[in-house]
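To start, the structure under review is shown below, and the notes come after it.
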Amino acid sequence: MPAAAAPRAVPRIAAIDLARGIAIVAMVVYHTCFDLSADGLIAADVESDLPWKIYARLTAGTFLVLVGIALVLASRGGIDWRRYLRRLAFIAAGAALVTVATVWFDRSTFVFFGILHEIAVASVLALPFLWAPVWLTAIVAAAIVAAPWFLAAPIFDQPWLWWVGLSPEPPPTVDYVPLLPWFGIVLAGVAAGRVVVRHADALARFRPTDAVSNLLMLAGRWSLAIYLIHQPLIVGALYVFTLLHPPGVGVIRERWVGQCTTACVGDRDAPACTALCGCLFDGLYGTDLFRAGADMTDEQQTRWDAIVDRCRTPQP
């Protein structure tokens, strides 16, 4: 690592702000659709459908690549440690706020290591790679991305180790961006940033003037604030909307039966699963059992078992 020197001011690169703005818009779209799905306002199962999973991972991956690139670009004139630590503190505070808010909202699926937690930790761990050979950074990035496929083991199923990312089973949380493999994506961004920095002056001359690009660049510059406030705004708006326009039973039934059938197939054939799940929905919907979880009372469990037994019994 080179000796510390007084950092020199570097121009802000509009292309990075634009890319970050596009990514934050993509994330807002995903979370909006996720909440619409959770509230039964659309039939799509955003949490489980493969195209939506790919969309979510591409969006998160874009953010993390940009984190790596931005670290390189910000350090090309020497690291401004005051600015770096201030940024790190904001991100860490945002991550803590997300954890506290989600614990209050739903303790069973709270966010203990989401994308902000990953960015905060990766921003520290990536520092040595800002000066490492590009080839070494690329190799380490590839190894970290591949690690969960080779190193996952039951020992990492302990809740205090979930953040590592080597648990064979994903933990119950609504935003899970563990150290592995996602730190590898940040390092890929660092490697890319080392190449990008060679053309930084040319990139700095890129200044789009159209309104859409300017709005996206503004969103990119305020991406942390948008990330923190957009979900409460969406949830609040949808809460008011569902009070005024409750979702139709047909949409709720279609999504619920689809999820149930997906979980059921394997133990029996698809038509039998669809029939079983339809019967379960008809017996559970409209009762306190429909949203019940693992903490059911003995009386609720008795009624639940009776509905399941009735649906499993072949009808004459």
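Laboratory data are not the source of any read-out in this text; all were calculated from the coordinates shown. Because the structure is predicted, anything quoted here is derived from the model rather than measured. Counting neighbours? That spans all protein chains shown, and the Cβs are built from the backbone with ideal geometry, glycine included.
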Using only the C-alpha atoms of the stretch 165-316, find the volume of their convex hull and express it per residue in Å³.
231 Å³
Tell me the label-point distance for the pair residue 270, residue 150, using the 7 Å Cα-to-Cβ offset, in nm and rounded to one decimal.
3.7 nm
Sorted by mean Cβ packing within 10 Å, highest first, what order do the peptides 139-148, 200-209 take?
139-148, 200-209
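How long is the gain from residue 291 to residue 199 if the chain were fully straight, where each residue apart is worth 0.36 nm and the alpha carbon distance is subtracted?
Extending this stretch completely gives an extra 27.7 nm.
Per the helix-only calculation at 222 nm, which mean residue ellipticity applies to the chain, given -39500 (n - 2.57) for every DSSP H run of n ≥ 4 and division by its residues, nearest 500 deg cm²/dmol?
Calculated mean residue ellipticity at 222 nm is -22000 deg cm²/dmol.
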So if I average 1/r over every pair of distinct C-alpha atoms in the chain and take the inverse, what Kirkwood radius in Å does that give?
22.4 Å
Lone cysteines, the chain (no partner Cβ under 4.7 Å)
33
For the chain, modelled as a Gaussian network with Cα springs under 10 Å, which listed residue fluctuates most, 17, 106, 175?
106
If I model a spin label at residue 82 and residue 230 as a point 7 Å from the Cα along the Cα→Cβ vector, what separation in nanometres do I get?
3.2 nm
Pop out the ³J(HN,Hα) list for the stretch 113-124 in order, Karplus 6.51 cos²θ - 1.76 cosθ + 1.60 with θ = phi - 60°, rounded to Hz; leave Gly and Pro as x.
7, x, 5, 5, 4, 4, 4, 4, 5, 5, 5, 8
In vacuo Debye sum over C-alpha of the stretch 1-139, base-10 log of normalised intensity I(q)/I(0) at q = 0.18 Å⁻¹, listed in q order, is -1.18
Within the stretch 205-238, find all residues whose amide N lies under 16 Å from a label point positioned 7 Å from the Cα of residue 251 along Cα-to-beta-carbon.
235-238
In the stretch 71-135, how does Rg compare with the Kirkwood Rh, expressed as the Rg/Rh ratio over alpha carbon atoms?
1.11
The chain: relative contact order in percent, alpha carbon pairs under 8 Å with at least 6 residues between:
27 percent
Expected unfolding gain across residue 158-residue 238 under the 0.36 nm per residue rule, minus the alpha-carbon gap, is 25.3 nm
Relative contact order (%) - the stretch 13-101, alpha-carbon pairs under 8 angstrom, separation at least six
27 percent
Cβ under 15 Å from residue 37's Cβ, residue 37 left aside: what net charge do those residues give with Lys, Arg +1 and Asp, Glu -1?
-3
Once you have a ≥ b ≥ c as the square roots of the Cα gyration tensor eigenvalues for the stretch 81-216, tell me rounded if a/c is under 1.5, and otherwise prolate or oblate according to whether a/b is larger than b/c.
oblate
For the stretch 39-106, what number results from the quotient of the Cα radius of gyration and 2.2 N^0.38 Å?
1.58
